[in-house]
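A.B. asks: Handing you a structure now.
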Amino acid sequence: MTRRLLACLWCGREIVESESGRRRRYCRQSCRQRAYEHRNSVKGTGIPEDSVILSAQEAADLADRWFAARCAAEDIATAIEEGAGTDELHELSVTLMKLTREAERLR
């Protein structure tokens, strides 16, 4: 049985899905409920149903996560320029991948 990784449509967390059955769209029932509430709150407002509305704090948190990922990418570029070894570059790239996964999360 093959497993594929999906992202929750509400929070962006990873969902491990198997090949059989219908694809899951949300990681938890609470995310499914929040998505339902969001869809109903924008009905009749002219805001597209699939829009993402973030609070000021959520937007600031997202910007912080992307800033951390950019800094990690700059660390890799600096390490390459300074002739870092493969072990150090591997460690830096693992950190970058972790930070970019976090940055993908909208909420």
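A.B. asks: Of all residues in the stretch 82-107 being among the acidic types (D, E) and within 14 Å of A68 (Cα to Cα), which is modelled with the lowest pLDDT?
C.D. replies: E104
A.B. asks: G12 - would you say it is in a loop (DSSP other than H, G, I, E, B) and open to solvent by 40 Å² or more (accessible area, probe 1.4 Å)?
C.D. replies: no
A.B. asks: Restricting to the stretch 15-33, name every residue that is at pLDDT 85 or above and open to solvent by 80 Å² or more (accessible area, probe 1.4 Å).
C.D. replies: Across the stretch 15-33, the qualifying residues are R24, R25, R28, Q29, R32.
A.B. asks: May I ask you to list pairs of residues, at least six apart or on different chains, whose Cβ atoms are under 9 Å apart, with the first in the stretch 82-96 being outside any helix (DSSP H, G or I) and the second being surrounded by 10 or more Cβ atoms within 10 Å (Cβ to Cβ) and at pLDDT below 95?
C.D. replies: Within 9 Å, no pair qualifies.
A.B. asks: I need the full set of residues from the stretch 74-107 which are in contact with a Leu (Cβ under 9 Å, 6 or more places away or on another chain) and under 30 Å from Y26 (Cα atoms), in order please.
C.D. replies: Those that are in contact with a Leu (Cβ under 9 Å, 6 or more places away or on another chain) and under 30 Å from Y26 (Cα atoms): A103, R105, L106, R107.
A.B. asks: To continue, here is another question. For the stretch 46-74, how many residues meet the condition of being closer than 20 Å to L9 by Cβ and outside any helix (DSSP H, G or I)?
C.D. replies: So the count comes out to 9.
A.B. asks: Any residue at all in the stretch 93-105 that is polar (S, T, N, Q) and either touching a Phe, Trp or Tyr at 6+ places or on another chain (Cβ under 9 Å) or under 23 Å from L9 (Cβ atoms) (or both)?
C.D. replies: yes
A.B. asks: For Y36, only one of the following conditions fails: (1) of a type in the set (S, T, Y); (2) part of a loop (DSSP other than H, G, I, E, B); (3) surrounded by 11 or more Cβ atoms within 10 Å (Cβ to Cβ). What is its number?
C.D. replies: Only one criterion in (1) of a type in the set (S, T, Y); (2) part of a loop (DSSP other than H, G, I, E, B); (3) surrounded by 11 or more Cβ atoms within 10 Å (Cβ to Cβ) is unmet by Y36, namely (2).
A.B. asks: Also, quick follow-up: For R22, state whether it is under 16 Å from L9 (Cα atoms) and in a loop (DSSP other than H, G, I, E, B).
C.D. replies: Yes; evaluated as a whole, the condition is true for this residue.
A.B. asks: Quick check on T86: is it polar (S, T, N, Q) and under 13 Å from the mean Cα position of the chain (by Cα)?
C.D. replies: Against the criterion (polar (S, T, N, Q) and under 13 Å from the mean Cα position of the chain (by Cα)), T86 does not qualify.
A.B. asks: Does the stretch 39-76 hold any residues that are farther than 21 Å from A103 by Cβ and either open to solvent by less than 80 Å² (accessible area, probe 1.4 Å) or in contact with a Ser or Thr (Cβ under 7 Å, 6 or more places away or on another chain) (or both), and which are they?
C.D. replies: Answer for the stretch 39-76, where residues must be farther than 21 Å from A103 by Cβ and either open to solvent by less than 80 Å² (accessible area, probe 1.4 Å) or in contact with a Ser or Thr (Cβ under 7 Å, 6 or more places away or on another chain) (or both): R39, N40, S41, V42, T45, G46, I47, P48.
The values are calculated or read from the model by the stated rules, or taken from the named source; none is laboratory data. Remember, predicted model here, so these are calculated numbers, not experimental data. With ideal geometry, Cβ positions are generated from the backbone for all residues, glycine too; neighbour counts draw on all protein chains shown. Only protein heavy atoms, including side chains, enter the accessible area calculation; ligands, DNA and RNA are left aside. Shrake-Rupley method; radii C 1.70, N 1.55, O 1.52, S 1.80 Å.
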